[in-house]
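Right, one structure below, let's go through it.
The values are calculated or read from the model by the stated rules, or taken from the named source; none is laboratory data. As the structure is a computational prediction, the values presented were derived from the model and not from experiment. Please note: Cβ atoms are built from the backbone with ideal geometry, for glycine as well, and neighbour counts cover all protein chains shown.
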């Protein structure tokens with residue numbers, strides 16, 4: 001149980017956009033803290049409805065992952081299907097759409113696993129992680145520039161997945177470990 005004293009949020013004295021690109025806008029927040037200290041922070045302005053990540057289970061011991069190009073690191077990464085929630089979509093609808101676009105399956109059974117926050121000091125973005133079970137073949141066209149490689153992995157061999165040099169994306173690692181705790185995966189070793 002968190003027994004820390006409730007903190008008073010700083011007062012936002014001013015907020016202005018200081019930079020914009022095709023993908024992001026940067027805001028400057030001028031803040032005054034309860035102790036009188038004043039600071040300016042820059043953050044990426046949040047937009048959209050959030051994002052989803054799907055942990056698809058083909059059966060009780062088979063995960064489906066994708067390997068896709070990541071421009072930020074200029075390499076291919078292994079991870080779970082994910083994407084933005086489109087306007088008007090519910091989170092689970094977006095998860096099912098992303099699963100069909102990226103893996104070629106839909107799911108009949110969904111479990112909301114957890115919500116994670118990405119770089120909260122600089123970015124207001126949440127991602128909801130879902131477990132997808134009772135999969136059925138269904139393909140939707142996505143926006144990926146090339147076909148994604150779908151990789152089957154034994155959940156009971158999760159430690160070797162964690163050791164893969166291309167499985168480094170923090171949200172995918174968090175999703176795997178949350179899933180492991182959720183279903184109490186027996187250790188293979």
* Structure fact -> Counting only residues that are closer than 11 Å to residue 151 by Cα and surrounded by fewer than 21 Cβ atoms within 10 Å (Cβ to Cβ), region 69-84 contains a total of 1
* Asked: So is residue 99 surrounded by 15 or more Cβ atoms within 10 Å (Cβ to Cβ), touching a residue at least 24 places away in the same chain (Cβ under 8 Å) and either in contact with a helix residue (DSSP H, G or I) (Cβ under 9 Å, 6 or more places away or on another chain) or within 29 Å of residue 27 (Cβ to Cβ) (or both) or not?
  -> no
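Quick check on this structure: which one of 176, 140 is in a helix (DSSP H, G or I) and touching a helix residue (DSSP H, G or I) at 6+ places or on another chain (Cβ under 8 Å)? Before the answer, list the steps.
Values: 140 fails: in a helix (DSSP H, G or I).
After applying the criteria, what remains is 176.
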* Restricting attention to strands (runs of 3 or more DSSP E) lying wholly within region 23-94, give those where 2 or more residues are in contact (Cβ under 8 Å) with a residue 60 or more places away in the chain. => 38-44, 51-59, 62-70, 75-79
* Determine the pairs where a residue that is in the same structural domain as residue 100 (by TED's automatic domain parsing) and closer than 12 Å to residue 45 by Cα, located within region 119-138, has a partner that is in a loop (DSSP other than H, G, I, E, B) and at pLDDT 90 or above with Cβ atoms under 6 Å apart, the partner being 6 or more residues away or on another chain. => none
